[in-house]
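Colleague: The structure that follows is given in the form of C-alpha coordinates.
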Amino acid sequence: MEFKELVKGVKIPVIGMGTFGIGGEMSPDTSHDKECIAALRRGIELGMTHIDTAEMYAAGHSEEVVGKAIRPFDRGKLFITSKVWRTNLKYNDLLNAAKRSLKRLEIEQMDLYLVHWHNPDIPLKETMRGMEYLLEQELTRFIGVSNFSVEEMKEAQSYLDKAKIVNNQVEYSLMRREPEKELLPFCQKNEIMLTAYSPLGHGALVKKKIPLLDALAKKYNKTSVQIALNWLLSKDWVITIPKASNIKHVEENFGAVGWKLSKEDMEKLDKLVI
Ligand code: NAP
(Lines give C-alpha, C1' and ligand atoms only; values in the text may rest on other atoms or scores of the structure.)
Protein backbone atom coordinates (compact mmCIF):
# COMPACT_ATOMS: atom_id res chain seq x y z
CA MET A 1 0.00 0.00 0.00
CA GLU A 2 1.05 3.58 -0.53
CA PHE A 3 0.28 6.28 2.02
CA LYS A 4 -0.11 10.05 2.16
CA GLU A 5 0.47 12.15 5.24
CA LEU A 6 -2.84 13.38 6.66
CA VAL A 7 -1.10 15.46 9.32
CA LYS A 8 2.50 15.36 10.45
CA GLY A 9 3.32 11.80 11.52
CA VAL A 10 -0.09 10.30 10.60
CA LYS A 11 -0.33 8.32 7.40
CA ILE A 12 -3.48 7.28 5.55
CA PRO A 13 -3.66 4.70 2.73
CA VAL A 14 -4.09 6.35 -0.68
CA ILE A 15 -6.88 3.94 -1.44
CA GLY A 16 -9.47 2.86 1.09
CA MET A 17 -12.96 1.43 0.88
CA GLY A 18 -16.33 3.16 0.66
CA THR A 19 -19.44 1.54 2.08
CA PHE A 20 -22.50 3.26 0.63
CA GLY A 21 -24.70 0.33 -0.41
CA ILE A 22 -23.04 -2.07 2.02
CA GLY A 23 -25.75 -3.25 4.43
CA GLY A 24 -28.40 -1.54 2.28
CA GLU A 25 -28.77 1.94 0.81
CA MET A 26 -31.37 4.11 2.54
CA SER A 27 -32.60 1.33 4.85
CA PRO A 28 -31.00 -1.83 6.29
CA ASP A 29 -30.78 -4.89 4.05
CA THR A 30 -28.92 -7.78 5.64
CA SER A 31 -29.14 -10.13 2.64
CA HIS A 32 -25.58 -9.42 1.37
CA ASP A 33 -23.82 -8.81 4.69
CA LYS A 34 -21.73 -11.99 4.45
CA GLU A 35 -20.22 -11.18 1.02
CA CYS A 36 -19.69 -7.54 1.99
CA ILE A 37 -17.88 -8.49 5.20
CA ALA A 38 -15.66 -10.89 3.21
CA ALA A 39 -14.92 -8.12 0.67
CA LEU A 40 -14.04 -5.58 3.39
CA ARG A 41 -11.81 -8.11 5.16
CA ARG A 42 -9.98 -8.91 1.92
CA GLY A 43 -9.43 -5.20 1.37
CA ILE A 44 -8.03 -4.75 4.87
CA GLU A 45 -5.69 -7.71 4.36
CA LEU A 46 -4.41 -6.02 1.20
CA GLY A 47 -3.76 -2.78 3.10
CA MET A 48 -6.90 -0.82 2.22
CA THR A 49 -7.26 -0.06 5.89
CA HIS A 50 -9.14 3.23 5.52
CA ILE A 51 -12.87 2.44 5.69
CA ASP A 52 -15.38 5.18 5.04
CA THR A 53 -18.93 4.93 6.37
CA ALA A 54 -21.70 7.18 7.67
CA GLU A 55 -24.64 7.07 10.05
CA MET A 56 -26.93 7.68 7.07
CA TYR A 57 -25.80 4.60 5.10
CA ALA A 58 -28.45 1.91 5.42
CA ALA A 59 -29.77 3.88 8.41
CA GLY A 60 -26.82 2.77 10.54
CA HIS A 61 -26.55 -0.81 9.33
CA SER A 62 -23.54 -0.01 7.15
CA GLU A 63 -21.64 0.98 10.30
CA GLU A 64 -22.74 -2.29 11.94
CA VAL A 65 -21.39 -4.29 8.98
CA VAL A 66 -18.10 -2.37 9.16
CA GLY A 67 -17.99 -3.09 12.92
CA LYS A 68 -18.31 -6.81 12.26
CA ALA A 69 -15.82 -6.76 9.38
CA ILE A 70 -13.06 -5.09 11.43
CA ARG A 71 -13.50 -7.22 14.57
CA PRO A 72 -10.63 -9.68 13.84
CA PHE A 73 -8.13 -6.92 13.02
CA ASP A 74 -5.80 -4.84 15.16
CA ARG A 75 -7.75 -1.59 15.70
CA GLY A 76 -4.51 0.40 15.71
CA LYS A 77 -3.81 -0.59 12.11
CA LEU A 78 -7.19 0.65 10.81
CA PHE A 79 -8.39 4.12 9.89
CA ILE A 80 -12.15 4.45 10.38
CA THR A 81 -14.07 7.44 9.05
CA SER A 82 -17.74 8.11 9.71
CA LYS A 83 -20.06 11.06 9.13
CA VAL A 84 -22.83 12.83 10.93
CA TRP A 85 -25.99 13.40 8.90
CA ARG A 86 -27.23 16.95 8.18
CA THR A 87 -30.24 16.65 10.53
CA ASN A 88 -27.99 15.92 13.53
CA LEU A 89 -25.81 19.02 13.44
CA LYS A 90 -27.04 20.72 16.64
CA TYR A 91 -24.51 20.43 19.47
CA ASN A 92 -26.25 17.72 21.53
CA ASP A 93 -27.59 15.85 18.50
CA LEU A 94 -24.06 15.71 17.11
CA LEU A 95 -22.61 14.25 20.33
CA ASN A 96 -25.36 11.65 20.50
CA ALA A 97 -24.96 10.77 16.81
CA ALA A 98 -21.21 10.24 17.27
CA LYS A 99 -21.80 7.99 20.28
CA ARG A 100 -24.36 5.92 18.35
CA SER A 101 -21.90 5.53 15.45
CA LEU A 102 -19.17 4.35 17.83
CA LYS A 103 -21.54 1.81 19.33
CA ARG A 104 -22.55 0.44 15.92
CA LEU A 105 -18.91 0.33 14.83
CA GLU A 106 -17.98 -1.32 18.16
CA ILE A 107 -15.01 0.98 18.62
CA GLU A 108 -14.06 3.53 21.29
CA GLN A 109 -12.81 6.24 18.95
CA MET A 110 -13.17 7.13 15.29
CA ASP A 111 -10.10 8.20 13.36
CA LEU A 112 -11.96 10.81 11.37
CA TYR A 113 -15.45 12.25 11.83
CA LEU A 114 -16.99 14.37 9.08
CA VAL A 115 -19.93 16.71 8.76
CA HIS A 116 -21.64 14.87 5.88
CA TRP A 117 -23.37 17.93 4.34
CA HIS A 118 -23.73 21.51 5.46
CA ASN A 119 -27.23 22.34 6.76
CA PRO A 120 -28.07 26.04 6.38
CA ASP A 121 -30.86 25.67 8.99
CA ILE A 122 -28.37 24.90 11.76
CA PRO A 123 -25.64 27.42 12.63
CA LEU A 124 -22.30 26.05 11.46
CA LYS A 125 -20.68 27.57 14.55
CA GLU A 126 -22.73 25.30 16.83
CA THR A 127 -21.81 22.26 14.72
CA MET A 128 -18.08 23.01 14.68
CA ARG A 129 -18.06 23.63 18.44
CA GLY A 130 -19.61 20.19 18.80
CA MET A 131 -16.99 18.69 16.50
CA GLU A 132 -14.21 20.25 18.56
CA TYR A 133 -15.77 18.86 21.75
CA LEU A 134 -15.70 15.37 20.21
CA LEU A 135 -11.97 15.82 19.69
CA GLU A 136 -11.49 16.96 23.29
CA GLN A 137 -13.45 13.93 24.49
CA GLU A 138 -11.24 11.73 22.27
CA LEU A 139 -14.27 10.27 20.52
CA THR A 140 -12.46 11.00 17.26
CA ARG A 141 -8.79 11.65 16.43
CA PHE A 142 -9.48 14.09 13.59
CA ILE A 143 -12.37 16.09 12.22
CA GLY A 144 -13.36 17.21 8.76
CA VAL A 145 -16.19 18.01 6.40
CA SER A 146 -17.80 16.63 3.28
CA ASN A 147 -19.39 18.33 0.29
CA PHE A 148 -18.18 21.73 1.55
CA SER A 149 -17.20 24.56 -0.78
CA VAL A 150 -14.05 26.61 -0.15
CA GLU A 151 -16.16 29.34 1.48
CA GLU A 152 -17.91 26.82 3.75
CA MET A 153 -14.55 25.31 4.71
CA LYS A 154 -13.15 28.71 5.63
CA GLU A 155 -16.23 29.51 7.69
CA ALA A 156 -16.15 26.12 9.45
CA GLN A 157 -12.44 26.53 10.27
CA SER A 158 -13.04 30.01 11.69
CA TYR A 159 -15.25 28.54 14.45
CA LEU A 160 -12.56 26.15 15.70
CA ASP A 161 -10.32 27.22 18.57
CA LYS A 162 -7.37 24.88 18.21
CA ALA A 163 -8.48 22.10 15.87
CA LYS A 164 -7.82 21.91 12.16
CA ILE A 165 -10.17 20.61 9.48
CA VAL A 166 -7.93 17.92 8.00
CA ASN A 167 -10.19 16.59 5.28
CA ASN A 168 -12.94 17.43 2.82
CA GLN A 169 -14.66 14.48 1.14
CA VAL A 170 -16.17 15.41 -2.22
CA GLU A 171 -17.14 13.81 -5.49
CA TYR A 172 -14.12 13.69 -7.78
CA SER A 173 -13.40 11.39 -10.69
CA LEU A 174 -12.52 11.48 -14.39
CA MET A 175 -16.25 12.16 -14.86
CA ARG A 176 -16.61 14.85 -12.19
CA ARG A 177 -13.88 17.44 -12.36
CA GLU A 178 -15.40 20.38 -10.45
CA PRO A 179 -12.99 20.17 -7.49
CA GLU A 180 -10.12 21.05 -9.81
CA LYS A 181 -11.42 24.61 -10.27
CA GLU A 182 -11.17 25.89 -6.71
CA LEU A 183 -11.39 23.24 -4.04
CA LEU A 184 -8.40 21.06 -4.87
CA PRO A 185 -5.96 24.00 -5.25
CA PHE A 186 -7.26 25.35 -1.91
CA CYS A 187 -6.77 21.97 -0.18
CA GLN A 188 -3.29 21.55 -1.68
CA LYS A 189 -2.24 25.03 -0.60
CA ASN A 190 -3.57 24.53 2.93
CA GLU A 191 -2.42 20.91 3.29
CA ILE A 192 -5.92 19.50 3.68
CA MET A 193 -6.54 16.00 2.34
CA LEU A 194 -9.24 15.75 -0.30
CA THR A 195 -10.99 12.37 -0.32
CA ALA A 196 -12.40 11.63 -3.77
CA TYR A 197 -15.75 9.88 -3.41
CA SER A 198 -17.56 8.05 -6.21
CA PRO A 199 -14.17 7.68 -7.99
CA LEU A 200 -15.81 5.28 -10.45
CA GLY A 201 -18.78 7.57 -11.04
CA HIS A 202 -20.90 5.31 -8.81
CA GLY A 203 -20.13 2.51 -11.29
CA ALA A 204 -20.93 4.53 -14.45
CA LEU A 205 -17.26 4.90 -15.37
CA VAL A 206 -16.92 1.12 -15.49
CA LYS A 207 -19.90 0.64 -17.80
CA LYS A 208 -18.95 3.38 -20.27
CA LYS A 209 -16.65 2.66 -23.21
CA ILE A 210 -13.84 5.22 -22.99
CA PRO A 211 -11.23 4.64 -25.73
CA LEU A 212 -8.39 6.50 -23.95
CA LEU A 213 -8.87 4.40 -20.80
CA ASP A 214 -8.92 1.22 -22.86
CA ALA A 215 -5.74 2.23 -24.71
CA LEU A 216 -3.90 3.10 -21.47
CA ALA A 217 -5.11 -0.10 -19.82
CA LYS A 218 -3.51 -2.04 -22.68
CA LYS A 219 -0.30 0.01 -22.55
CA TYR A 220 0.23 -0.45 -18.79
CA ASN A 221 -1.23 -3.96 -18.62
CA LYS A 222 -3.81 -2.70 -16.13
CA THR A 223 -7.60 -2.35 -16.26
CA SER A 224 -9.56 0.82 -17.08
CA VAL A 225 -10.69 0.97 -13.43
CA GLN A 226 -7.07 0.88 -12.26
CA ILE A 227 -6.11 3.65 -14.71
CA ALA A 228 -9.02 5.84 -13.51
CA LEU A 229 -8.09 5.33 -9.82
CA ASN A 230 -4.35 5.76 -10.39
CA TRP A 231 -5.00 9.09 -12.15
CA LEU A 232 -6.78 10.36 -9.01
CA LEU A 233 -4.09 9.11 -6.65
CA SER A 234 -1.38 10.82 -8.67
CA LYS A 235 -2.77 14.20 -7.57
CA ASP A 236 -1.19 15.79 -4.52
CA TRP A 237 -3.39 15.75 -1.41
CA VAL A 238 -5.91 13.33 -2.95
CA ILE A 239 -6.89 9.90 -1.63
CA THR A 240 -9.88 7.81 -2.66
CA ILE A 241 -12.45 5.33 -1.38
CA PRO A 242 -14.05 3.19 -4.12
CA LYS A 243 -16.86 1.00 -2.89
CA ALA A 244 -16.78 -2.66 -3.86
CA SER A 245 -18.99 -5.37 -2.44
CA ASN A 246 -17.16 -8.33 -3.87
CA ILE A 247 -13.62 -9.65 -3.49
CA LYS A 248 -12.85 -9.53 -7.22
CA HIS A 249 -13.57 -5.80 -7.38
CA VAL A 250 -11.63 -5.13 -4.17
CA GLU A 251 -8.57 -6.90 -5.57
CA GLU A 252 -8.84 -5.02 -8.86
CA ASN A 253 -9.10 -1.68 -7.05
CA PHE A 254 -6.06 -2.52 -4.95
CA GLY A 255 -4.14 -2.96 -8.23
CA ALA A 256 -4.49 0.79 -8.80
CA VAL A 257 -1.49 1.39 -6.51
CA GLY A 258 2.19 0.57 -6.75
CA TRP A 259 2.90 2.00 -10.22
CA LYS A 260 2.77 5.34 -12.00
CA LEU A 261 1.25 6.81 -15.14
CA SER A 262 3.75 8.80 -17.21
CA LYS A 263 3.55 12.58 -17.22
CA GLU A 264 2.29 12.58 -20.83
CA ASP A 265 -0.46 10.06 -20.07
CA MET A 266 -1.50 12.04 -16.98
CA GLU A 267 -1.81 15.09 -19.21
CA LYS A 268 -3.95 13.17 -21.70
CA LEU A 269 -6.26 12.07 -18.90
CA ASP A 270 -6.34 15.59 -17.47
CA LYS A 271 -7.71 16.77 -20.81
CA LEU A 272 -10.20 13.93 -21.19
CA VAL A 273 -13.84 15.02 -21.38
CA ILE A 274 -16.38 12.31 -20.58
P1 NAP B 1 -17.94 4.30 -6.69
O2 NAP B 1 -16.98 3.82 -5.68
O3 NAP B 1 -17.49 5.27 -7.71
O4 NAP B 1 -18.59 3.07 -7.46
C5 NAP B 1 -19.14 1.97 -6.80
C6 NAP B 1 -19.69 1.04 -7.86
O7 NAP B 1 -18.62 0.59 -8.69
C8 NAP B 1 -20.36 -0.20 -7.29
O9 NAP B 1 -21.45 -0.49 -8.10
C10 NAP B 1 -19.29 -1.26 -7.41
O11 NAP B 1 -19.83 -2.55 -7.62
C12 NAP B 1 -18.58 -0.83 -8.66
N13 NAP B 1 -17.17 -1.24 -8.65
C14 NAP B 1 -16.26 -1.06 -7.69
N15 NAP B 1 -15.07 -1.57 -8.04
C16 NAP B 1 -15.25 -2.11 -9.28
C17 NAP B 1 -14.40 -2.79 -10.16
N18 NAP B 1 -13.12 -3.01 -9.87
N19 NAP B 1 -14.92 -3.21 -11.35
C20 NAP B 1 -16.21 -2.99 -11.67
N21 NAP B 1 -17.07 -2.35 -10.86
C22 NAP B 1 -16.59 -1.89 -9.66
O23 NAP B 1 -19.22 4.96 -6.02
P24 NAP B 1 -19.74 5.32 -4.58
O25 NAP B 1 -20.07 4.09 -3.80
O26 NAP B 1 -20.79 6.34 -4.78
O27 NAP B 1 -18.51 6.09 -3.89
C28 NAP B 1 -17.55 5.44 -3.08
C29 NAP B 1 -17.75 5.76 -1.62
O30 NAP B 1 -17.68 7.16 -1.39
C31 NAP B 1 -19.14 5.41 -1.07
O32 NAP B 1 -19.32 4.05 -0.90
C33 NAP B 1 -19.15 6.23 0.18
O34 NAP B 1 -18.39 5.61 1.20
C35 NAP B 1 -18.49 7.51 -0.29
N36 NAP B 1 -19.49 8.54 -0.73
C37 NAP B 1 -19.59 9.67 0.02
C38 NAP B 1 -20.52 10.62 -0.32
C39 NAP B 1 -20.62 11.86 0.53
O40 NAP B 1 -21.60 12.61 0.38
N41 NAP B 1 -19.64 12.12 1.37
C42 NAP B 1 -21.37 10.46 -1.43
C43 NAP B 1 -21.23 9.31 -2.19
C44 NAP B 1 -20.26 8.37 -1.84
P45 NAP B 1 -19.89 -3.69 -6.48
O46 NAP B 1 -20.48 -3.09 -5.26
O47 NAP B 1 -20.72 -4.73 -7.13
O48 NAP B 1 -18.49 -4.17 -6.23
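Colleague: Filter region 125-184 for residues that are in contact (Cβ under 8 Å) with a residue 60 or more places away in the chain and farther than 17 Å from Ala97 by Cα and give the result.
Modeller: Lys164, Val166, Asn167, Gln169, Tyr172, Leu174, Met175 - these are the residues of region 125-184 that are in contact (Cβ under 8 Å) with a residue 60 or more places away in the chain and farther than 17 Å from Ala97 by Cα.
Colleague: Does Gly18 meet the test of being on the phi > 0 side of the Ramachandran plot and either free of Cβ contacts under 8 Å to residues at least 60 places away in the same chain or within 14 Å of the ligand (Cβ to nearest atom) (or both)?
Modeller: No.
Colleague: Which of the residues spanning region 120-151 are surrounded by 17 or more Cβ atoms within 10 Å (Cβ to Cβ) and either within 15 Å of the ligand (Cβ to nearest atom) or assigned to a strand (DSSP E or B) (or both)?
Modeller: Thr140, Arg141, Phe142, Ile143, Gly144, Val145, Ser146, Asn147, Phe148
Colleague: A further question follows. Which is of a type in the set (D, E, K, R), in a helix (DSSP H, G or I) and touching a strand residue (DSSP E or B) at 6+ places or on another chain (Cβ under 8 Å), of Glu45, Glu63?
Modeller: None of the others qualify; the one that does is Glu63.
Colleague: For region 164-182, state whether one or more residues are in a loop (DSSP other than H, G, I, E, B), within 18 Å of the chain's Cα centre (by Cα), within 16 Å of the ligand (Cβ to nearest atom) and on the phi > 0 side of the Ramachandran plot.
Modeller: No: zero hits.
Colleague: Looking only at region 64-76, filter to residues that are open to solvent by 60 Å² or more (accessible area, probe 1.4 Å) and in contact with a helix residue (DSSP H, G or I) (Cβ under 8 Å, 6 or more places away or on another chain); which one of those is nearest to Ser146 (Cα to Cα)?
Modeller: Of the residues in region 64-76, the ones open to solvent by 60 Å² or more (accessible area, probe 1.4 Å) are 64, 68, 71-72, 74-76.
With the extra rule that they be in contact with a helix residue (DSSP H, G or I) (Cβ under 8 Å, 6 or more places away or on another chain), the set shrinks to 64, 68, 72.
Values: Glu64: 21, Lys68: 25, Pro72: 29 Å.
Out of the qualifying residues, it is Glu64.
Colleague: Something else now. Scan region 228-274 for residues that are polar (S, T, N, Q) and open to solvent by 20 Å² or more (accessible area, probe 1.4 Å) and jot them down.
Modeller: Hits for region 228-274 are Ser234, Ser245, Asn246, Ser262.
Colleague: Within region 199-221, take every residue that is buried (at least 19 other Cβ atoms within 10 Å of the Cβ) and without any contact (Cβ under 8 Å) to a residue 60 or more places away in the chain and give me the one that is nearest to Lys263 (Cα to Cα).
Modeller: Restricting to residues being buried (at least 19 other Cβ atoms within 10 Å of the Cβ) and without any contact (Cβ under 8 Å) to a residue 60 or more places away in the chain, the top hit is Leu216.
Colleague: Scan region 66-94 for residues that are within 12 Å of the ligand (Cβ to nearest atom) and part of a helix (DSSP H, G or I) and jot them down.
Modeller: Once the filter is applied, which keeps residues that are within 12 Å of the ligand (Cβ to nearest atom) and part of a helix (DSSP H, G or I), region 66-94 yields Val66, Arg86.
The values are calculated or read from the model by the stated rules, or taken from the named source; none is laboratory data. Fair warning: this is a prediction, and the values are worked out from it, not measured in the lab. Cβ atoms come from the backbone with ideal geometry, glycine included; neighbour counts cover every protein chain shown. The area values use the complete protein model at the heavy-atom level, side chains included, leaving out ligands, DNA and RNA. Shrake-Rupley method; radii C 1.70, N 1.55, O 1.52, S 1.80 Å.
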